[in-house]
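Working notes, structure below.
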Amino acid sequence: MLNEAVKELLNVQVNKEFYSAYLYLDFSNFYEAKGLDGFASWYKIQAQEERDHAMLFYQYLHNNGVQVIFEAIEKPNVPLENLMDVLKAGLQHEQYVTSLIYHIYAAAQEAKDFRTTQFLDWFVKEQGEEEKNAQDLINKMEMFGNDPRSLYLLNEELKTRVYAAPSLVL
Ligand code: MG
């Protein structure tokens, strides 16, 4: 049996991950409209990954006998103005998600729910990668974003990202 508080936080996280998917689809939407199809494709894949995250929390809850309660998914709330702001908002969002994961981890630890801390270990590592990816994009945009030819090449590079299912299987 999962601890009540932990159960609730895991359920909230399902919604947060779907929100992340929705937010990144909006980023993709923004770049697509700007004609930056590589950026658009990169964020479309990112949105797929977030949906996978949501489904991992969903499945983990079900594997522990908990039916998920779906709440409304918030409207993407990041103003999409210029190429760089979007990337910075992406990093900020990932840092926020990391804080959510840490919060659940701490609650699980307090409840001595080591099954959940073990489940969350994958997400702790994943968040490290997400923050690095977001920072790498900012760095590249800082270096190359102001030169149209370099931006074109960066867009081509981002186009090569391929979707990979999460390495965590429940
Ligand atoms: Mg996620």
Checklist entry - Which stretch or stretches of the stretch 46-88 have amide N atoms under 18 Å from the point lying 7 Å from Ile138's Cα along the Cα→Cβ direction? => result 78-88
Checklist entry - Scanning the chain for GluC sites (Glu not before Pro) in DSSP loops with at most 13 other Cβ atoms within 10 Å, what's the longest stretch left with none? => result 82-170
Checklist entry - What does the convex hull of the alpha-carbon atoms of the stretch 28-170 project to on average, in nm²? => result 9.3
Checklist outcome for this item: The relative contact order of the stretch 1-118, taking Cα pairs under 8 Å that sit 6 or more residues apart, comes to a percentage of 33
Item to check | Two-site FRET efficiency, Val124 against Val162, from Cβ-Cβ distance with R₀ of 35 Å, rounded to 0.05 | outcome: 0.90
Item to check | Residue-by-residue Karplus 3J(HN,Hα) for the stretch 21-33, coefficients 6.51, -1.76, 1.60, Hz, glycine and proline x | outcome: 4, 5, 4, 6, 5, 5, 4, 4, 4, 5, 5, 4, 5
Next on the checklist: Can you show me the helix-derived [θ] at 222 nm for the chain, built from DSSP H runs with n ≥ 4 at -39,500 (n - 2.57) apiece and divided by the number of residues, rounded to the nearest 500.
Outcome noted: -27000 deg cm²/dmol
Item to check | Fraction in percent of alpha-carbon pairs per bin - 10 Å, the stretch 106-170 | outcome: 17, 32, 23, 16, 10, 1
Checklist entry - How big is D, in µm² s⁻¹, for the stretch 1-89 by Stokes-Einstein at 4 °C and 1.567 mPa s if Rh is the Kirkwood radius over C-alpha pairs? => result 92
Checklist entry - In terms of Cα to Cα distance under 26 Å, which lysines are near enough to Lys140, apart from those fewer than 8 places away along the same chain? => result Lys34, Lys44, Lys88, Lys125, Lys132, Lys159
Checklist outcome for this item: The farthest towards the positive end of the charge dipole of the chain, of the residues Leu80, Gly145, Ala106, given +1 on Cβ of Lys and Arg and -1 on Cβ of Asp and Glu, is Ala106
Checklist entry - Using the Cβ atoms and a cut-off under 13 Å, what net charge is assigned to the surroundings of Glu156, where Lys and Arg are +1 and Asp and Glu are -1? => result +2
Checklist outcome for this item: Residue-ordered couplings for the stretch 153-162, obtained by feeding phi - 60° into the Karplus form 6.51 cos²θ - 1.76 cosθ + 1.60 and rounding to whole Hz (Gly and Pro as x), are 5, 5, 4, 5, 4, 5, 5, 7, 5, 10
Next on the checklist: Compute, for the chain, the length of the dipole vector about the Cα centre, with Cβ point charges of +1 (Lys, Arg) and -1 (Asp, Glu) only. Units Debye, rounded to 20.
Outcome noted: 200
Checklist outcome for this item: Phi-derived 3J(HN,Hα) across the stretch 61-72 with the Karplus relation (6.51, -1.76, 1.60, θ = phi - 60°), rounded Hz, x for Gly and Pro, is 4, 4, 4, 10, x, 10, 7, 7, 10, 8, 10, 4
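Any read-out appearing in this document is the output of simple, stated calculations on the displayed coordinates, not a laboratory observation. Computed from a predicted structure; not experimentally measured. FYI the Cβ positions are ideal-geometry reconstructions off the backbone, even for glycines, and counts take in every protein chain you see.
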